Amino acid sequence: MVAKIKIGKSIRGILHYNEHKVMGGDARLILASGFAGEVENMDFEHKLKRFEHLTALKSSVKTNALHISLNFHSSENINDTKMQDIAIAYMDSIGFGDQPFLVYRHNDAAHHHIHIATTTIQRNGKPIKTHNIGRLVSEPARKKIERDFNLVIAESRKYSLEPGIKPIDQTIITYGRLPTKTSINNVLSAVIGSYKYTSLAELNAVLKLFNVVADRGNEETEMYKKKGLIYSIIDQHGEKIGVPIKSSSFYSKPTLQNLEKRYDKNSELRKPAKHDLIKRINKVLNSYQSITKNTLVSELKKEGISLILRMNEQGRIYGTTFVDHINKAVFNGSDLGKLYSANALSLMIGSFDTNKTYLKPLKRPDSYLKSSKDSSLQSNLTSIQTSSLSLGDIFGKPEIDYGPMPKKKKKKKRNQGITL
């Protein structure tokens with residue numbers, strides 16, 4: 001189980017987010033602790049007033065709303081009753097058991113998860129302290145609940161390798177059985193606030209994995225000039241389908257201006273993930289005697305990494321992007337180092353033909369780039385099988401036939417005898 005806590009200033013916003021999911025069929029309210037009446041009979045205002053009654057007792061405290069998500073592995077079959085018990089045990093453990101709280105069960109992701117909405121203001125008007133609540137209070141509570149309820153351990157390999165976002169089913173969209181806006185919003189809600197990206201291209205690298213793309217339009221259009229942004233669903237070929245939705249029409253306002261505000265911050269936040277990502281990439285590169293493009297992509301996926309290869313019409317790789325689903329970070333290959341750039345990966349793969357196997361000669365992959373000379377690089381590449389491309393093809397240079405090499409004349413040996 002993974003627990004995430006967000007502390008904010010708007011309980012209304014938290015309720016609006018979850019109730020919007022309920023209206024769209026992507027969530028259900030399964031528990032209302034500390035509320036009078038039946039869950040089914042509560043409307044939005046009823047829920048909001050219950051919290052606002054408490055926040056009014058200490059109006060000087062502006063940061064008074066708590067939004068918690070408890071996330072479980074997709075292999076776990078957890079019914080509503082067990083979810084309720086887990087939510088109650090968790091809230092008791094972090095000191096919020098006596099607070100009114102609402103528990104929503106969401107079904108908009110590949111894994112099971114619940115969202116909990118509550119306030120920090122108690123009936124006596126005193127706020128519950130939340131400083132370092134995640135590290136000092138939530139973490140011990142989470143680990144205890146994993147043991148008590150026999151859940152998949154969050155630190156285990158089995159848990160950590162899932163992106164946790166449900167891709168949009170394009171066939172449903174095509175036939176109009178699923179509202180486009182709701183589908184896109186589900187993906188945006190899961191990606192924009194959790195992944196660390198530093199450009200729109202890097203954000204799109206993640207969104208496209210879940211069949212969504214952000215588009216500014218052509219540079220000569222008014223939308224581009226005015227920094228407009230639309231979101232569309234894409235099919236398996238990357239083509240847009242359905243009706244595009246303006247970014248400003250989503251509740252979370254994922255406009256270009258708001259996204260750009262995240263870039264510098266994300267650049268700092270993703271730095272700790274860089275070393276771990278490189279370590280897992282190298283683990284794959286060092287584990288195989290032979291490797292192809294498809295093998296590389298599939299093996300990285302097992303390590304929680306999506307590799308996006310950008311290719312031209314001739315099938316040559318001109319760009320690489322790594323999406324780390326464990327640390328929620330996005331890096332262009334060149335940002336990780338020369339070894340992970342398009343040119344380096346092209347050499348490691350050996351060819352763009354995914355049906356062939358190419359030998360990976362070195363135990364240490366960083367040795368590929370010790371020299372930029374063709375002769376040195378050629379010595380680093382063991383013999384590629386007979387049907388593979390030539391070195392000229394691999395390096396993207398035309399292969400020139402210089403004809404047969406001239407034979408060198410043998411030098412005559414001088415008489416080196418000693419004259420007495």
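What is segment 2-158 by shape, rounded, prolate or oblate, if you read a ≥ b ≥ c off the alpha carbon gyration tensor as root eigenvalues and call it rounded for a/c under 1.5, prolate for a/b larger than b/c, and oblate otherwise? In terms of gyration-tensor shape, oblate.
Applied to segment 243-256, the Karplus parametrisation 6.51 cos²θ - 1.76 cosθ + 1.60 on θ = phi - 60° returns per-residue 3J(HN,Hα) values of 9, x, 10, 5, 4, 5, 7, 7, 4, 7, 6, x, 6, 4 Hz, with x for Gly and Pro. Cβ-to-Cβ counts within 10 Å put 111, 20, 73 in ascending order as 20, 111, 73, the fewest first. Contact order, relative form, for segment 2-158: 32 percent (alpha carbon pairs under 8 Å, 6 or more residues apart, mean separation divided by residue count). Past 26 Å, Cα to Cα, is the threshold; run 4/144; 49/143; 47/253 against it and keep the listed order. Distance filter (> 26 Å) returns 49/143. Each other residue within a Cβ distance under 15 Å of residue 50 adds +1 if Lys or Arg and -1 if Asp or Glu, for a net charge of -2. Each Lys or Arg adds one and each Asp or Glu takes one away; over the other residues whose Cβ falls under 12 Å from the Cβ of residue 28, this sums to -3. Summing +1 for each Lys or Arg and -1 for each Asp or Glu among the other residues whose beta-carbon sits under 12 angstrom from that of residue 317 gives +3. Our coupling estimate for segment 307-317, obtained by passing each phi through the Karplus curve with A = 6.51, B = -1.76, C = 1.60 and θ = phi - 60°, is 9, 9, 9, 8, 10, 8, 5, 7, x, 8, 6 Hz, Gly and Pro reported as x.
Coordinate-derived values only; no laboratory data. Everything quoted here is computed from the prediction, not taken from an experiment. Note: ideal-geometry Cβ built from the backbone for every residue, glycine included; neighbour counts use all protein chains shown.
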